[in-house]
Amino acid sequence: MNISRKLMLIVILTAAEVSITVYSAFEIAKGAKFHQLNFLHLKYTHQLTKSVKKIENDLPIDINTIESDILLIRQQPIECIEEINPLNYAVMKFINTEQTLTICEKDIEIADRTLLSVTQYKKGELSRDDFLLNLNVALVSFNKHSEMFEEPIRKTVSFILMTLIPLVIVISFFNIIFISYLSRTISSSIRNLTLLLSSKPESNINLDDELDIKTSGELKALVIAARQRIKNDLLNIENSIELKEIINSQTASLQQANDELAQFAYRASHDLKSPLSGAKSLAHFVIEDIKAGDTEEASRNALVIYQQMEKLETLVVDILLLAKAEIGSEDRDVIDFNQLIIDMKERLTWLMKDNPCTLETTINLSVPIKSEKARFAQIIENLISNGLKYYDRNKDSPYVRCDIFNEQETFFITVTDNGMGIPQKHKGEVFDMFKRFHAQTSTGSGLGMALVKKHIEYLNGEISLQSSDKGTTFKIVIPLDKLI
Amino acid sequence: MTKIKPPILIVDDNEVDRYILKRLIKEAKLELTIYEKKDGQEALEFLENYESNRIKYPDGFPPILIFLDINMPKVNGIQFLEEFSKLRKMIEISSCVVMMFSSSEREEEKKIIMSHDFVKGYLVKGSFQAAELKEKVMAVIGQHLDKYS
């Protein structure tokens, strides 16, 4: 039974208790009134007796006094009948005291009859002796009725007292017990719940089940609502923490991107400006030399200007490639690596012409590779051209070797050389933009390896390098699922 | 008596820039002995071999002025200045001063560079002509030129 029902029961019981108490008080008061009426009945009968006594002593008949006395006597049984309600009647019938009503009715009847005698005597239809006789008979009846009336009234009142008071006591007792029981169960279930909720977190593995078993009714509803609310709040907190983390990491990566961009802008503008300002000065010299007639020096410088412009062009092309590397293209196709190598060799003719390096390439693929050809062409060309550029003049048979193959779910490109190697302290900077480590042999933009890295990142791959004075190996690993 | 040409050192990885500077020096009619190094490391080695270079170039070592680029491989201009300031305390090159020769005009770099008291000027590549160069060089090493002549 839930708490509100229990409380409702207490209210009903209390109401019953109060109404029964009030009812008994009224009934007892009614009993007192009946006694009072009987006392008045006796009093007026006594008055009438005194008047009759006077007549018997031959005193003149005071007919008005007698009539008013009888009317007064008649009044009590009428009031008595009026007082008895159906419930009283039922009770009286139950305890066999309903003769009270009969007594009253008879009393009224006798009073009515006596009043008739008074009228007959007034009219002279009745003799003085007969009238006196009638009065005496009536007096006897009145007295007898008063006597008879007392017993059933006392019986009725005592019955009411004997039944209702124990009933009130029983109900009160039950009420007290029930209220204490109820307060005990309510406070104990609250205490249990508090205990359960304040138990150590590691012991509440089955808190949900425990709550389900140990609580009921409104408390259960309260716990369920509270739990839902806390769950929602926690979810909100978790969400906001997650959101904050996302913002933080995004801010950090934005900051990094911003720093990279600033660095890039600085280096790019520097590397763009350098050949430009060089060419500008040289052009000025060319003009002066031509004026002075030194055409030899002029043409030499014109050639340098041409070379500067070529360098500038390479740089601009590389910057554009780097910018493109970040953007995906729909241009995916199965790559013919054999053709890719042939094309690349053609492009690197200038580098291979006077180069003592041997270039060996192997292709060993069990599945067709589908991707953007341009990315792979740039990756392979940059790695191979670096190997060719930085060969070691002190080694007998310099070589660059490129292996393209796959193993199960992974695609590999390795480029190995026995060149001069990358100094240990610069290894961390290999993939940075605008880095060149070999001053004498540097010809490129310094963007090649950064471009390689960008392509590999785009393809979800990884690039690692091993380098010593014996040579350098770059190893590229790309998951095949990106390439099918 | 043959006139002794004061020695200077150009440290720059870019051959074109070195040529331009040499050509401007020539146009300015500054009679100088010019040494060239391709990066900070080569320049430091050149200065560190003080004794042997003094014997090798009896009238032309150490240089009295260094034109120094900033963006160079191995040891860049800023790193060179650090090492050079240590070197000045050890060997007799305290009369040697530095003039920056770079296309970079980065303020934060400039601040670090100019904090060395032996850095006497900052030339931005491509922004000056022979006359201007002469003026600047004379302001810095004029007294040496007098001494040498």
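The values are calculated or read from the model by the stated rules, or taken from the named source; none is laboratory data. Small disclaimer: the values here were computed from a predicted structure and weren't measured. Positions of Cβ are generated from backbone atoms using ideal geometry, with glycine treated the same way; all protein chains shown enter the neighbour counts. Surface accessibility is based on the protein's heavy atoms, side chains included, excluding ligands, DNA and RNA. Shrake-Rupley method; radii C 1.70, N 1.55, O 1.52, S 1.80 Å.
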*If we only count helices (runs of 4 or more DSSP H) wholly inside the range A:275-387, which ones have 3 or more residues that are in contact (Cβ under 8 Å) with a residue 60 or more places away in the chain?*
A:295-325
*Can A:Lys324 be described as open to solvent by 70 Å² or more (accessible area, probe 1.4 Å) and either more than 14 Å from chain B (Cβ to nearest Cβ) or more than 30 Å from B:Lys22 (Cβ to Cβ) (or both)?*
yes
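Here is a yes/no grid of residues against (1) part of a helix (DSSP H, G or I); (2) under 12 Å from the mean Cα position of the chain (by Cα):
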{"residue": "B:Phe80", "(1), (2)": "yes, yes"}
{"residue": "B:Glu83", "(1), (2)": "yes, no"}
{"residue": "B:Glu92", "(1), (2)": "no, no"}
{"residue": "B:Met99", "(1), (2)": "no, yes"}
{"residue": "B:Glu105", "(1), (2)": "no, no"}
{"residue": "B:Ile112", "(1), (2)": "yes, no"}
{"residue": "B:Lys120", "(1), (2)": "no, yes"}
{"residue": "B:Val137", "(1), (2)": "yes, yes"}
{"residue": "B:Val140", "(1), (2)": "yes, yes"}
*Elements of type helices (runs of 4 or more DSSP H) contained in the range B:1-72, each with 2 or more residues being without any contact (Cβ under 8 Å) to a residue 12 or more places away in the chain and within 14 Å of chain A (Cβ to nearest Cβ)*: B:15-27
*Name every residue in the range A:144-164 that is under 21 Å from A:Leu40 (Cβ atoms) and aliphatic (A, V, I, L, M), in order of residue number.*
A:Met148, A:Ile153, A:Val157
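For every residue, the table says whether it meets (1) of a type in the set (S, T, N, Q); (2) farther than 24 Å from A:Leu272 by Cβ; (3) open to solvent by less than 20 Å² (accessible area, probe 1.4 Å).
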position	(1), (2), (3)
B:Asn76	yes, no, no
B:Ile93	no, yes, yes
B:Ser104	yes, no, yes
B:Glu109	no, no, no
B:Asp117	no, yes, no
B:Ser127	yes, no, no
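Which ranges mark the helices (runs of 4 or more DSSP H) fully within the range A:1-102 that have 3 or more residues being of a type in the set (Lys, Arg)?
Numbers: elements: A:3-56, A:63-83, A:86-94.
Output list reads A:3-56.
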*Among the candidates A:Asn192, A:Asn175, single out the residue that is in a helix (DSSP H, G or I) and open to solvent by less than 40 Å² (accessible area, probe 1.4 Å).*
A:Asn175
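If I filter the range A:122-134 for residues that are assigned to a helix (DSSP H, G or I), open to solvent by less than 50 Å² (accessible area, probe 1.4 Å) and over 30 Å from A:Ala221 (Cα atoms), do I get at least one hit?
yes
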*asked:* Checking B:Asp39 against (1) closer than 30 Å to A:His284 by Cα; (2) loosely packed, with under 14 Cβ neighbours inside 10 Å, only one condition comes out false. Which one?
replied: (2)
*Taking the range A:263-295 as the region of interest, how many residues are under 14 Å from B:Ser104 (Cβ atoms), away from chain B (no Cβ under 11 Å) and open to solvent by 40 Å² or more (accessible area, probe 1.4 Å)?*
2
